[in-house]
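Nothing in this text is a laboratory measurement; each read-out follows from the coordinates by a stated rule. What you see is a predicted model, and the numbers here were worked out from it, not measured in a lab. Cβ: placed from backbone, ideal geometry, glycine included. Neighbour counts: every protein chain shown.
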């Protein structure tokens, strides 16, 4: 009985840890979550241990929109406890309403945040202080939380597979 | 004492103290400063209201010295999610339902007038920091404006973004009803462009000669295929904007569709337009085209030098241009440089052969958003960049037509998030600098130094 109780507690603890590590999956894909600098740091911190692909996109960036299906395909083919797609819309946070509608129509399964800072650079500086405000931009983090690859421009899915493999997946 | 007053700028209290106790030292210090190169500049004034969200300022000056400023107004601070209900049926998602605001700063007055809206109905402007409007003036005192606007195509019934022109012939008191510069497209490219736009005919540029010839350009998705390349269109008015010639397809679909276009005139008939071609394997190549006959014909695009920048994406990078006698100057961001930043290059207008480029701000970790203006052989470049900390605005003078530049100077802007500088010149040979501080538009005068130690 005692052993069964410990097993239950371990299971609960494991669920708590797993849910924290997979915070993105807790976000409802139907919602667009505002993200400021602190939120970005927090999301990156709790994602350590997984390989993370941060993708910066916007509704006004057609190459970004053409890239997202590939990123979603990667997300579905990779183990959820080992890989996280952290998408951030660079659209104006004041436009979150219609960006949400747009995302729901075109990419309903995409879990995405939306920049809540005054400008794009303020948020992205958390990751890349010398970002040149070009979209799409993606950053690949290894399990230690280090940026191991910066990717600018739309790339084929095979390119991302190779880069993620090099990052430890 | 008059000399002391002229020095009351950034270090006002210190100078006052010096004037009271050590006047000779103060005068000597002032002469030293003026004689060595530091330009003096008045404090900045706000053009937009503090409770509004303003972006993408541009400025121009009429011969009477009035400073004219326009910018995108994105709504009140805290006001969310404009729906664009004014655009009949329009809910496109490359969306920006902004207004275009105008204000003027009359000579001798303390600051800008209250602003007025240029677009007839609220929210008709497709406004982002990276799709700037343009304002220019001519010798008749007319004020010319182009801007990107929202609309519904009468041919497809779908949401489109188009280029609009408006002018004032009464010194900025009123503006005429905007006219659409681009023709309507037959094609519905919604599936190709995505984001909800069926066509995009924007990133509008304009140059106006002193005589009042108005030259407008824009990037146009008509004819765009899977390769995602835009065409460059041109439309001209020879009577100060009263009437426009038919549009001309200046370049076929070989242009970066989400880059920006710029234009500048030199005298009555020389005209330059800069855009970014897509060459080779998605190389985003800045180039300049010249017309020597007032826009009747254009020469082939000439590439400005720099490392080839391969990118299937949205660079959103403007090439700033200016002219000095016989010379064309270009300042453009290159993402393939390490670190990415602005490259300056110049060419003789007679042969358009650009000299090797130089980094305008070698110490910057990243530099972008260039602006340039000239008075005679004096050239001023401004941009935003990061060195060790947050983004700041920097500027740099050349007193010899771009042969050499004085050291980089930092615009003192406090703790604000600043960027997107714009430049104009006044009839009394001053420069006007506008920029975005947080989301308020600031404007100030910057005077060129009389001399200085140049860095080559």
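Note on chain B: Kirkwood radius taken over Cα pairs, Stokes-Einstein applied at 4 °C and 1.567 mPa s, translational D equal to 58 µm² s⁻¹. Computed from the C-beta positions of residue B:252 and residue A:76, the FRET efficiency with R₀ = 35 Å rounds to 0.30. Rounded to the nearest 0.05, the FRET efficiency derived from the C-beta distance between residue B:63 and residue B:447 at R0 = 22 Å is 0.70.
Given only helices, namely DSSP H runs of n ≥ 4 each adding -39500 (n - 2.57), what is the per-residue ellipticity at 222 nm of the protein assembly as shown, to the nearest 500 deg cm²/dmol? If you can, show how the numbers build up before the last one.
On the way: 11 runs with 109 residues, N = 625.
Mean residue ellipticity at 222 nm (helix-derived): -5000 deg cm²/dmol.
In terms of the mean number of neighbouring beta-carbon atoms within 10 Å, the peptides A:95-102, A:83-90, B:241-248 order highest first as A:83-90, A:95-102, B:241-248. Taking the DSSP beta bridges with both ends in the range A:26-166, the antiparallel portion is around 40 percent. Please label the shape of the range B:171-220 as rounded, prolate or oblate, based on the square roots a ≥ b ≥ c of the eigenvalues of the alpha-carbon gyration tensor (a/c under 1.5 means rounded; beyond that, a/b larger than b/c means prolate, else oblate). It comes out prolate by the Cα gyration axes.
If you take the square roots of the eigenvalues of the alpha-carbon gyration tensor of the range B:174-291 and sort them as a ≥ b ≥ c, do you get rounded (a/c under 1.5), prolate (a/b over b/c) or oblate? It comes out oblate by the Cα gyration axes. Here the extension length gained between residue B:51 and residue B:355 equals 104.8 nm, from 0.36 nm per residue of separation less the Cα-Cα distance.
As an equivalent ellipsoid, the range A:26-166 spans semi-axes of 20, 17, 15 angstrom, where each value is the square root of five times an eigenvalue of the C-alpha gyration tensor, largest first.
Give me the extension gain from residue B:139 to residue B:117: residue separation times 0.36 nm, minus the current Cα-Cα distance, reported in nm with one decimal.
Values: separation 22, 0.36 × 22 = 7.92 nm, distance 2.42 nm.
Contour length minus Cα-Cα distance gives 5.5 nm.
For the range B:341-361, the residues whose amide N sits under 12 Å from a probe point set 7 Å from the Cα of residue B:279 along the beta carbon direction are B:354. Shape class for the protein assembly as shown, computed from the alpha carbon gyration tensor (a ≥ b ≥ c): prolate, with a/c not under 1.5 and a/b above b/c. In this calculation the C-beta distance from residue A:30 to residue A:66 is compared with R0 = 22 Å, giving a FRET efficiency of 0.45.
Compared with the dominant principal axis of the Cα atoms in chain B, helix B:12-21 is inclined by about 20°.
Sort B:368-380, B:388-400 by the packing proxy (mean of other Cβ within 10 Å over each peptide's residues), most packed first.
Working: B:368-380: 22.0, B:388-400: 18.7.
Order by mean packing, descending: B:368-380, B:388-400.
The long axis of helix B:23-36 is offset from the longest Cα principal axis of chain B by roughly 40 degrees.
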